[in-house]
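The values are calculated or read from the model by the stated rules, or taken from the named source; none is laboratory data. Keep in mind that this is a model prediction, so the values were computed, not measured. Note: ideal-geometry Cβ built from the backbone for every residue, glycine included; neighbour counts use all protein chains shown.
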Amino acid sequence: MASVIIREPEHSDRSGLIAVYGSEGFFDYSPSRLDLEIVAATVDAYLIEFVSAPASIIFYVADLNSELAGFSIARKTAQATWEVQAGVHFDHRKQGIGTALLAKVFTQVHSRGPAVCEAIVHAGNLGSIKMVSPFFQEHGEFEGLPGFLRFRSSW
């Protein structure tokens, strides 16, 4: 893997986070098309939550030569389940960055005690399936959205 620094995000990472979401292939499996206004609002909400409610979010970014290459997030839902998401910019995929980001998130989730974690991945997104599989004990069809898989772990 290239010289990547995994660190907590800063507000100055906003445009890099939006660029990761907007990179080629990120929404190929999404049931809706990319809307940059919604992406920007989502990134803003994550950054605000990271500062204002740190007990409910774990958030890391991958810094590759001063360029934001990816992110990973675990957000605690009302049901106390950690919803996990990760993304790597198209230009930096297949370098182990996503795996490093998820490892950091899972280390933090484990340190907070017993937990349930979930990730939802399109069944055709083989790269993401390969990336998340080592971190989850089980997976199966996601009944809420046809064509998607739910990955789940608990301890």
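If you scan segment 99-130, which residues turn out to be of a type in the set (A, V, I, L, M), touching a helix residue (DSSP H, G or I) at 6+ places or on another chain (Cβ under 9 Å) and modelled with pLDDT under 95? Within segment 99-130, A115, V121, A123 qualify. The strands (runs of 3 or more DSSP E) found wholly in segment 33-130 and carrying at least 3 residues that are farther than 20 Å from I18 by Cα occupy 116-122. Out of segment 135-148, which residues are among the hydrophobic types (A, V, I, L, M, F, W, C) and under 16 Å from L102 (Cβ atoms)? If the condition is that a residue be among the hydrophobic types (A, V, I, L, M, F, W, C) and under 16 Å from L102 (Cβ atoms), then F135, F136 are the ones that fit. The number of residues in segment 5-41 being of a type in the set (S, T, N, Q) and at pLDDT below 95 comes to 3. Number of residues in segment 124-140 that are over 21 Å from A80 (Cα atoms) and either acidic (D, E) or surrounded by 15 or more Cβ atoms within 10 Å (Cβ to Cβ) (or both) equals 4.
Of all residues assigned to segment 88-105, none qualifies as being under 18 Å from E24 (Cα atoms), surrounded by fewer than 19 Cβ atoms within 10 Å (Cβ to Cβ) and in contact with a Phe, Trp or Tyr (Cβ under 6 Å, 6 or more places away or on another chain). Does L145 count as surrounded by 17 or more Cβ atoms within 10 Å (Cβ to Cβ) and of a type in the set (A, V, I, L, M)? So L145 fails the test. Within segment 88-100, residues that are hydrophobic (A, V, I, L, M, F, W, C) reach partners that are in a helix (DSSP H, G or I) with beta carbons closer than 8 Å, at six or more positions or on different chains, in the pairs V88/V20; V88/I97; V88/G98; V88/L101.
In segment 90-98, the condition of being aromatic (F, W, Y) and modelled with pLDDT of 95 or more is met by no residue. Of the residues A74, A80, A100, A53, the single one that is of a type in the set (G, A, S) and farther than 22 Å from F136 by Cβ is A53.
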